[in-house]
There are 4 protein chains.
Amino acid sequence: MIERSFNKKMSPRSKEQNEVIRQQSMTSIKEAALEMFAKYGYHSTKISQIAKEAGISNGLLYNYFGGKEELLRAIVKDAMDQNDAGWLMALQSDVPPKEKITLAVEATFENIKSNVHYWKLLSALAFQPDVQKSMEDLVMAKKELYINLLIELFQEMGYAEPEREVFYFGAILDGIFLHYMNMQDAYPLDMMKDMVLQRYR
Amino acid sequence: MIERSFNKKMSPRSKEQNEVIRQQSMTSIKEAALEMFAKYGYHSTKISQIAKEAGISNGLLYNYFGGKEELLRAIVKDAMDQNDAGWLMALQSDVPPKEKITLAVEATFENIKSNVHYWKLLSALAFQPDVQKSMEDLVMAKKELYINLLIELFQEMGYAEPEREVFYFGAILDGIFLHYMNMQDAYPLDMMKDMVLQRYR
Amino acid sequence: MIERSFNKKMSPRSKEQNEVIRQQSMTSIKEAALEMFAKYGYHSTKISQIAKEAGISNGLLYNYFGGKEELLRAIVKDAMDQNDAGWLMALQSDVPPKEKITLAVEATFENIKSNVHYWKLLSALAFQPDVQKSMEDLVMAKKELYINLLIELFQEMGYAEPEREVFYFGAILDGIFLHYMNMQDAYPLDMMKDMVLQRYR
Amino acid sequence: MIERSFNKKMSPRSKEQNEVIRQQSMTSIKEAALEMFAKYGYHSTKISQIAKEAGISNGLLYNYFGGKEELLRAIVKDAMDQNDAGWLMALQSDVPPKEKITLAVEATFENIKSNVHYWKLLSALAFQPDVQKSMEDLVMAKKELYINLLIELFQEMGYAEPEREVFYFGAILDGIFLHYMNMQDAYPLDMMKDMVLQRYR
DNA sequence: GATGAATGAGTGTTCATTCAT
DNA sequence: GATGAATGAACACTCATTCAT
């Protein structure tokens, strides 16, 4: 907990200081929320628990986020942005197509391993029709983007029916991630990665 | 209410008559609940909605099921039993291994197409840590069974590392089903099935 | 459970037979209800439990009693009538006053020992303002009667302030019964009886 | 709402201010609940009635008490603590035994008169097997304590069978209080007190 | 007389959200 | 910016009572 109070005699905080404080608070809220959403599910996670875990008061949460759902949206957005980095870098890099797919797969598996919480949450949301709906716009945009990039890639790789391959490729990856989410360390993630890569070598 | 036997004595219903009534009520409750759980999610589906959809009173639901969660359990159990039929018939049938896997895959895809609600629900539950926990026992038992049957099958088919193949096979199937659940009729389910079967021919 | 059904071919029951059946049912209902009211409290005893314990259906109970509260009234009435017997016999018997009080005390203690359920119930009701109100008329009538009989008795026994003595006497008895209700067999009931009698010898 | 310190900073309430608010709320809830439990009975008193009477919302009650039963426990505990004061002071005071019993009796009768609600509630609970059970631990502890103190006292006073006397003494007191609870102002409480004291002088 | 499926008003409890400070 | 007391709509569940058979 950063030293925030007990500055009765101090001069008022500057704009910058305030911004820093805001960012810190928002981050710790989002971190706490992400962990708990992933661990206990969206509906079962209570605002008060998040606030407690984040070390702030219930009310403050509403200074930064419009409500529970908006908080979720912010997290989902973060998750997606974070995922983009490696993925896009791979797909848009300047190497031969076969390299690209390898890079992309490697990046994704790495990402998954180091951000289990994000992925758990995203997977879960994919199946919660109620919550899902309010995230649909976010997800759809990304989905479009990725699918198009992949189609292009498989075309370059010489697939006659690139769309078909995209569907299949996507299914394998999501299936693997799904199982990994459920079994965690008991899952042979690297072995699966190799099997995936084998198909494209 | 097709026929009301009008007996002067007004004797109470027979045990059999009551059993029929009970089964009808339970079925309509489970059907309504399944549909709404799948469509709106477990937490967002309210008991009163289910009762309304089933055409009964709130209270009656509690004559047949101990509560919301027990109702869910009953549905999940039904879903699993229903799935078993085709799957086990294929795996335990008396045909060459390669035929078996084909039969099993065909059966599963058929099952999925005709029971989207069940599968949507099961998929969703797989990602809801809170609800999931209370279903764990039900799921685990099945999982064990299927995995063992599959390992055996892949062994017969000559795979050097049958377990690895089971994981991979399972991931593909689950990935496909996952996407199908989300996209429904827009998903090229049959095409994906062919791609799966190709691998084992 | 008396053989009640399976008489398809039998001639209709006579008025008398019906009356017997009615009495049996009412008695078994009241017995079951008394026991459970005493054991678990009025509010915590459910109609369905009573019906089960009495070996009848929920609905039948309403053929005999207007509802839960009316059932309670019927039981309370029984309890009072039963208590009257020994008590009145003693007070109205043709023996010297000092004998009378002894007889009455003896009778009451006997009664208590053999009808713990009745007394537990009555005691409890005395303190449940909600339930109590609907029984008030029943209780008041008896109370009046007993108090008057006792005043008369203590007068005969030569007490200068018979009313005062009635209050005191009543308090002792009720206090003892109260403790007995709570401690049951662990309570030195006979010893207490002797202490009471001592005062009036 | 006597005074609202209007500080520009709108800083949150201090720990102490909050504590005061909390105590006030808890007290008004307990007071309302005590009155209504005593007047209408535990089961017949609804949470919403208590909240209304206390001038708060339903929900707030749950900020302070885990539920209806815990609220009852808190009240019972208060009642007992309050009762202890005079009673223990008398029994543990440094006067001759005969004085002690007089002091204790006086204290108890005073206490009863000024805390009718508490006593009504406690008496009622003594007869409600369902509610009683959850309070048993609270009651038992006190009971032990008092009985032992009394036994000691009667021993000092020279009674050959002090335990017997404790039972009798307790029965008389409880019987009197019981009647007082029921008849309230119509009961000759002081007269009864004198009769009790007479026995020990 | 007897049954038990069905009802639905009523209740305790939860929790996202607000707002005075 | 920060707090946490307070709100109240919403919900799961209970159970006395009804009524078709």
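FYI, it's all coordinate maths here, none of it is from the lab. Keep in mind that what you see is a predicted model, and the values were worked out from it rather than measured. In this analysis, Cβ positions are derived from the backbone assuming ideal geometry, glycine residues included, and neighbour counts consider all displayed protein chains.
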Item to check | Alpha-carbon Debye profile of chain B, log10 I(q)/I(0) at 0.09, 0.13, 0.17, 0.19 Å⁻¹ | outcome: -0.45, -0.81, -1.16, -1.33
Next on the checklist: What does the copy distance list look like for C:SER93, label position 7 Å along Cα→Cβ, in nm and ordered from shortest?
Outcome noted: 4.6, 9.2, 10.9
Checklist outcome for this item: For segment A:43-193 the mean separation of alpha carbon contacts under 8 Å (6+ apart) over residue count, i.e. relative contact order in percent, is 18
Checklist outcome for this item: Diffing segment C:138-151: the Karplus 3J(HN,Hα) column from phi (6.51, -1.76, 1.60, θ = phi - 60°), in whole Hz with x for Gly and Pro, holds 4, 5, 4, 4, 4, 3, 3, 4, 5, 4, 5, 4, 5, 4
Item to check | If the convex hull is drawn through the Cα atoms of segment D:13-65, its volume per residue in Å³ | outcome: 66
Checklist outcome for this item: Quick note on D:GLU136, A:GLU163, ordering by fewest other C-beta atoms within 10 Å, gives D:GLU136, A:GLU163
Checklist entry - Along Cα→Cβ at 7 Å, what distances in nm separate the D:GLY158 label point from those on the other copies, shortest first? => result 2.7, 11.2, 12.1
Item to check | segment A:112-201 - Rg (one decimal) and Dmax (whole number), Cα, Å | outcome: 14.6, 41
Next on the checklist: What does the copy distance list look like for D:LYS142, label position 7 Å along Cα→Cβ, in nm and ordered from shortest?
Outcome noted: 2.9, 5.6, 6.1
Checklist entry - What number in nm² do you get for segment A:22-115 if you take the convex hull of its Cα atoms and divide its surface by four? => result 6.8
Next on the checklist: For chain A, what does the helix formula give at 222 nm: sum of -39500 (n - 2.57) over DSSP H segments with n ≥ 4, over the residue count, nearest 500 deg cm²/dmol?
Outcome noted: -26000 deg cm²/dmol
Checklist entry - When the Kirkwood radius is taken over all Cα pairs of segment C:107-155, what Stokes-Einstein diffusion coefficient follows at 25 °C and 0.890 mPa s, in µm²/s? => result 200
Next on the checklist: Under a crude label model (7 Å from the Cα following the beta-carbon direction), how far is D:GLU31 from D:ASN148 in nanometres?
Outcome noted: 3.6
Checklist entry - Given the Cα-Cα distance of A:TYR62 and A:VAL116 and 0.36 nm per residue of separation, how much length would full extension add, in nm? => result 16.8 nm
Checklist entry - If one takes the longest principal axis of the Cα atoms in chain B, at what angle in degrees, from 0 to 90 and to the nearest 10, does the Cα axis of helix B:68-91 lie? => result 40
Checklist entry - Considering the dipole of the protein assembly as shown built from charges on the beta carbon (Lys and Arg +1, Asp and Glu -1) around the Cα centre, which of B:ALA38, C:ALA54, B:ASN83 is farthest to its positive end? => result B:ALA38
Checklist entry - How far is helix C:162-183 tilted, in degrees, relative to the longest principal axis of the Cα atoms in chain C, given as a value from 0 to 90 rounded to the nearest 10? => result 50
Checklist entry - Measuring from a point 7 Å past the Cα of B:MET80 along Cα-to-C-beta, which residues in segment B:100-119 have an amide N at less than 15 Å? => result B:119
Item to check | Axis-nearest residue of A (beta carbon) for the A-onto-C rotation, whole Å | outcome: A:SER44, 16
Next on the checklist: Sorted from largest to smallest, which semi-axis lengths in Å does the alpha carbon gyration tensor of segment B:155-201 give for its equivalent ellipsoid, taking the root of 5 times each eigenvalue?
Outcome noted: 25, 12, 5
Next on the checklist: How tilted is helix D:189-199 with respect to the longest principal axis of chain D? Cα atoms for both, answer in degrees (0 to 90, nearest 10).
Outcome noted: 40
Checklist outcome for this item: Here the alpha-carbon Rg of segment C:68-143 over 2.2 N^0.38 Å rounds to 1.21
Checklist entry - What is the list of residues in segment B:167-201 whose amide nitrogen lies under 18 Å from a point 7 angstrom out from the Cα of B:VAL95, following Cα to Cβ? => result B:193-201
Item to check | More than 54 angstrom apart: percent of Cα pairs within the protein assembly as shown | outcome: 42
